[in-house]
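K.L.:
Below is the structure I would like to discuss, written out as structure tokens.
Taken together, the values in this text are just the output of simple stated rules run on the coordinates, not laboratory data. Just so it is clear, the model here is predicted, and its values are computed rather than measured. Using ideal geometry, Cβ is built from the backbone for each residue, glycine included, and neighbour counts are taken over all protein chains shown.
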Amino acid sequence: MYDLYAEEILDHYKFPRNRGKMDNPDRVYHDHNPLCGDEVTIMLRIEDGRVKDVKWEGQGCTISMASASMLSEAVKGKSLEELRTWGKEHVLDLLGIPLGPVRLKCALLPLKALKAAVWGLEGTEEHEET
Amino acid sequence: MSTTQGLDPRRIREDFPIFGERARGKPLIYLDSTASAQKPRQVIDAMTSMYEHAYANVHRGIYELSERATQMYEDARRNIARFINARSHREIVFVRNATEAINLVAYAWGLSHLTPEDEILVTQMEHHSNLVPWQLVAARTGARLRWVPITPDGHLDMDAADRLLNERTRLFAFTAMSNVLGTITPVRELVSRAHSVGALALVDGAQSVPHLPTDVQAWDADFVAFSGHKMLGPTGIGVLYGKRALLEEMPPFLAGGEMIREVTMEGATWNDVPYKFEAGTPAVVEAVGLGAAVDYLRELGMERVHAHERALVAYAYDRLSALDGVRILGPGPEDRGGVLAFVVEGVHPHDVAAFLDYEGIAVRAGHHCAQPVHDAYGVPATARASFYIYNDREDVDRLVDALRRAIRMFTG
């Protein structure tokens with residue numbers, strides 16, 4: 001019915017995957033978008049240069065929450081080397097919908113937080129230009 | 001037209017070409033006039049006609065075309081002066097918008113008058129454009145910036161205002177109508193309290209001037225700022241009203257052509273007001289467009305415009321607050337202009353606005369350039385529906401119907 005609210009996006013919004021707390025995560029990063037109040041905290045367990053486990057908490061719009069949920073599924077088991085190359089296109093592929101500039105910021109917030117968790121803020125530069 | 005007869009939005013919409021457009025394949029329901037109003041044919045035609053028949057740069061032109069353009073530009077100024085009941089057209093300074101008007105006062109008056117002993121008073125209800133300029137000027141001059149809080153029911157805390165206004169207060173800058181809560185503030189009372197401690201009063205009229213009758217002399221305001229584009233006029237034109245004695249005494253803001261009397265390589269003297277504040281080629285055609293917008297509103301009658309919106313917002317308030325999980329920010333319908341900012345439990349404002357967009361309904365979502373207002377209510381963002389002369393009950397019904405479906409989709 002609505003591009004933006006495809007079945008799968010609503011499903012991730014209503015039934016978020018990997019949402020919750022992690023005890024003693026190796027990396028954790030909290031980020032938010034003050035314009036709309038979206039916020040997300042990413043917690044990572046890293047072993048042998050790979051994402052062993054991921055949890056996230058947050059609140060916000062459908063797009064930011066579905067993005068966090070989908071991303072959390074996608075990054076499990078991935079090497080950090082590979083994650084370093086992920087950008088805007090990757091998130092848009094996961095969501096599978098076209099997004100305008102405002103909603104793109106919502107969609108990219110979880111990846112931005114994830115990369116900041118692993119590499120610090122310098123790892124996020126390429127995603128700032130939305 | 002009699003003031004007892006209501007507006008006819010269906011008739012009015014025929015004057016607005018935009019309503020011939022479809023939004024997402026559906027008839028456009030435009031509920032974002034608080035951000036910017038749509039334009040009637042009369043305004044568009046006045047501007048096109050000037051470009052086609054009477055365009056030239058204004059002032060100092062010796063030829064007929066420039067004289068005609070200057071006449072139209074100055075007629076618009078006089079027209080706007082009458083619309084807000086200014087004493088003289090010289091009290092009308094053309095600027096880009098309300099933001100620029102406030103910045104003009106902040107820089108021209110603020111920087112030359114404020115010292116570390118002084119205080120500037122604002123309110124928690126302000127749009128960022130009537131807050132951030134004062135933060136900057138306070139930082140530059142050492143003056144202290146203080147603010148009047150919002151009460152839980154969305155009004156200004158008048159007792160706090162009394163406590164905060166003191167002999168150190170040099171300026172009280174406040175909105176006449178909140179762009180989020182819709183609260184109509186008691187302008188005359190606030191101006192009078194500012195004057196009682198010897199402070200000047202600046203009124204942000206960006207939301208009130210398009211929707212309520214304005215009488216700057218009855219207010220006794222020292223400065224009033226408003227934008228043309230929110231009152232059916234074009235973008236790029238706004239007004240700073242200032243009492244003439246104050247404008248005379250203020251140094252210039254921007255410097256360049258037109259604002260001077262005489263220039264040597266060593267210095268310059270200033271033109272009379274308001275030209276002292278209108279450096280460079282002004283937005284000539286936009287000023288004429290705003291004049292046409294004022295004609296249009298005057299024809300409708302501002303009392304009727306206000307009455308129409310009052311009735312519409314009361315209807316919308318009742319219907320929206322009857323929806324499960326919908327919470328409207330701010331005062332009850334009796335004290336507000338045509339603005340309703342709301343949150344829906346479990347549905348982010350962006351999702352509300354995006355869903356409504358698919359239904360052809362334009363509302364705004366975000367903090368509406370008023371983060372402190374949202375902080376006061378503990379929410380980062382709201383969805384906001386706002387009403388004007390071309391909206392009617394059917395628009396509200398479609399909004400409510402779509403909202404009901406949005407709530408079902410996102411929370412069901």
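K.L.:
Can you list which of the GluC sites (Glu not before Pro) found in segment B:259-309 are DSSP loop residues with at most 14 other C-beta atoms within 10 Å?
P.N.:
Here the sparse-neighbourhood loop sites are B:Glu266.
K.L.:
Oh, and also: Count, for each residue of B:346-356, the Cβ atoms from other chains sitting within 10 Å of its Cβ, then give me the mean as a whole number.
P.N.:
Counting Cβ atoms of other protein chains within 10 Å of each residue's Cβ and averaging gives 5.
K.L.:
Quick one: among B:Asp75, B:Asp295, B:Asp324, which has the greatest mean-square fluctuation in a GNM of chain B with alpha-carbon springs under 10 angstrom?
P.N.:
B:Asp324
K.L.:
How far apart, in nm, are two points set 7 Å out from the Cα along the Cα-to-Cβ line at B:Asp318 and at B:Arg78?
P.N.:
For the pair B:Asp318/B:Arg78, the computed spacing is 4.7 nm.
K.L.:
To the nearest 20 debye, what charge dipole does the protein assembly as shown have about its Cα centre, counting +1 at the Cβ of each Lys and Arg and -1 at the Cβ of each Asp and Glu?
P.N.:
That gives a dipole near 440 debye.
K.L.:
If I build a Gaussian network model for chain B, linking alpha-carbon pairs within less than 10 angstrom, which residue out of B:Arg60, B:Arg393, B:Arg96 has the largest mean-square fluctuation?
P.N.:
Comparing B:Arg60, B:Arg393, B:Arg96 in a Gaussian network model of chain B, the most mobile one is B:Arg60.
K.L.:
Which residue fluctuates the most in chain B, going by a Gaussian network model with Cα springs under 10 Å, if the choices are B:Ala255, B:Ala268, B:Ala311?
P.N.:
Taking springs between Cα atoms under 10 Å, the residue moving most is B:Ala268.
K.L.:
Of B:Gly205, B:His127, B:His367, whose Cα points farthest to the positive end of the dipole of chain B (charges on the beta-carbon: +1 Lys, Arg; -1 Asp, Glu; origin at the Cα centre)?
P.N.:
B:His367
K.L.:
Multiply the residue separation of A:Glu8 and A:His30 by 0.36 nm, subtract the distance between their alpha-carbon atoms, and state the gained length in nm to one decimal.
P.N.:
Length difference between fully extended and current span is 5.4 nm.
K.L.:
Roughly what would the spin-label model give for B:Glu64 and B:Ala255, points 7 Å off Cα along C-beta, in nm?
P.N.:
Label-label distance for B:Glu64 and B:Ala255, simple model: 4.0 nm.
K.L.:
Quick one: which of B:335-345, B:352-362, B:231-241 comes out on top by average Cβ neighbours within 10 Å, and what's the full order, highest first?
P.N.:
B:231-241, B:335-345, B:352-362
K.L.:
Right, here's the next one. In segment B:76-163, what GluC sites (Glu not before Pro) fall in a loop by DSSP, with at most 15 other Cβ atoms inside 10 Å?
P.N.:
In loop regions of segment B:76-163 (DSSP not H, G, I, E or B), the sparsely surrounded GluC sites (Glu not before Pro) are B:Glu117.
K.L.:
What FRET efficiency would be calculated for the residue pair B:Ala268, B:Asn85, taking the C-beta separation as r and a Förster radius of 35 Å, to the nearest 0.05?
P.N.:
Once rounded, the FRET efficiency stands at 0.55.
K.L.:
Report for the protein assembly as shown the percent antiparallel among DSSP-assigned beta bridges with both residues inside it, nearest 5.
P.N.:
Antiparallel: roughly 70 percent of the beta bridges in the protein assembly as shown.
K.L.:
If neighbour count is taken as other Cβ atoms inside 10 Å, put B:Ile84, A:Ile63 in order from fewest to most.
P.N.:
If I rank by nearby Cβ atoms, fewest first, I get B:Ile84, A:Ile63.
K.L.:
While we're on this one: What does the average come to when, for each residue of peptide A:55-67, you count the partner chain Cβ atoms lying within 10 Å of its Cβ?
P.N.:
3
K.L.:
Testing the spin-label approximation: label points 7 Å from Cα along Cα→Cβ at B:Asn166 and A:Lys76. State their distance in nm.
P.N.:
6.1 nm
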